[in-house]
Amino acid sequence: MSKPRAVTLIKTDPPAEREDEWNEWYSNVHSPGRFECGFLAFRRFEIVPDQPQVDTRQGGQAKYLAIMELPDTDVLTSPAYDAVTERWMATPPDSFEHRTMKLPKLARGVLELIGQYPDDNQPLLPDTKYVFLSAHEVPEAIHEEFNEWYVEEHMPLVLCEPGFNTVRRYVHRSDRFPPILGEGGELFTHLSIWDIDGLEAFQNPKFAGYTVTPWQKRMRRLFTLKMSNIYREIARGVAP
């Protein structure tokens, strides 16, 4: 099986009623239904409240998160994908397919992989059940410096700490795939998905006493932090 080079990321709050039924549908019908058009795998998550030593909850985030793994973005322009889309559009207006598109804080974006660390033989889906998502809105003029700072300074400082295993970095391809945003939904230009062992990854006393570097201080003045949240996996699937 080819390695994923892109993802679709979907954030949303649940419906006001039938939340359990909606989750069952999303995990067992909607998500695996995308395998037939070339999706490789999916993971679904529920947000975790903030931790005592580090503020890991960016306010106002949607409760649920889905990450759909793609071999590349071409999957989303294929006849097979169009056929799946046409089929769900033909479902009744009160179906979960249609209702999901109207949920609060809906945000769907297509993101392309720009780096993963370490890059040797990572599995399609990790064994760990928690992720930390860090997302930024970065002005185009500083994309290059932002990437240099993140890879050369920021990532090594974090990956050397216990509980942080791998990180994948993505850029939002809004130029080719306009985002879908509902009321209260928002996305970003850059995303990092950190696979972590669990909540204890952020209970390291070093985080509480961390001193911001001059380079990081400069970058913080230039970008906007959009997400800084821990999520617990609630479902996963891999294409046959």
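The values are calculated or read from the model by the stated rules, or taken from the named source; none is laboratory data. What you are looking at is a predicted structure, and each value in this text was computed from that prediction instead of being measured. Don't worry about glycine lacking a Cβ; one is built from the backbone with ideal geometry, like all the others, and counts go over all protein chains shown. Just the protein is used for accessible areas: all its heavy atoms, side chains included, with ligands, DNA and RNA removed. Shrake-Rupley method; radii C 1.70, N 1.55, O 1.52, S 1.80 Å.
Accessible surface for the range 107-240, divided over its residues, is 49 Å² per residue with a 1.4 Å probe.
List the residues of the range 1-37 whose backbone N lies under 12 Å from a point placed 7 Å from the Cα of ASP72 along the Cα-to-Cβ direction. Those under the cut-off are 3, 5-6. Charged side chains reduced to their Cβ positions (Lys and Arg at +1, Asp and Glu at -1) give the range 1-120 a dipole of some 180 debye around its Cα centre.
With a/c under 1.5 counting as rounded, go ahead and sort the range 96-163 into rounded, prolate or oblate using the C-alpha gyration tensor (a ≥ b ≥ c being the square roots of the eigenvalues; past the cut-off, prolate if a/b is larger than b/c, else oblate). Oblate shape, in that a/c is at least 1.5 and b/c is the bigger or equal ratio. Amide hydrogen proximity for ALA239: with H placed 1.01 Å from N in the peptide plane, the residues at 5 or more positions away or on another chain lying under 5 Å are ALA41.
If you keep only loop residues by DSSP, which trypsin sites (Lys or Arg not before Pro) in the range 94-170 have at most 16 other Cβ atoms within 10 Å of their Cβ?
Numbers: sites: ARG99, LYS102, LYS105, ARG108, LYS129, ARG168, ARG169; in loops: LYS102, LYS105, LYS129.
In loop regions of the range 94-170 (DSSP not H, G, I, E or B), the sparsely surrounded trypsin sites (Lys or Arg not before Pro) are LYS102, LYS129.
Between rounded, prolate and oblate, where does the range 13-113 land on the alpha carbon gyration tensor, with a ≥ b ≥ c its root eigenvalues, rounded for a/c under 1.5, else prolate if a/b exceeds b/c? Oblate, because a/c is 1.5 or more while a/b does not exceed b/c. Packing around the peptides 224-232, 16-24, taken as the average count of other Cβ atoms within 10 Å per residue, puts them in this order, highest first: 224-232, 16-24.
In the chain, the longest principal axis of the Cα atoms and the axis of helix 79-89 are about 70 degrees apart. Using 14 Å as the cut-off for backbone N distance, which residues of the range 27-51 belong to the label zone defined by a point 7 Å from the Cα of LYS63 along Cα→Cβ? Taking a point 7 Å out along Cα→Cβ of LYS63, the residues of the range 27-51 whose backbone N falls under 14 Å are 45-49.
Taking all protein chains as shown and a probe of 1.4 angstrom, CYS160 keeps an accessible surface of around 90 Å². When both the range 87-136 and the range 144-203 are represented by their alpha-carbon centers, they are found 14 Å apart.
Here the accessible area of the chain is 52 percent carbon and sulfur, with a 1.4 angstrom probe and all protein chains present.
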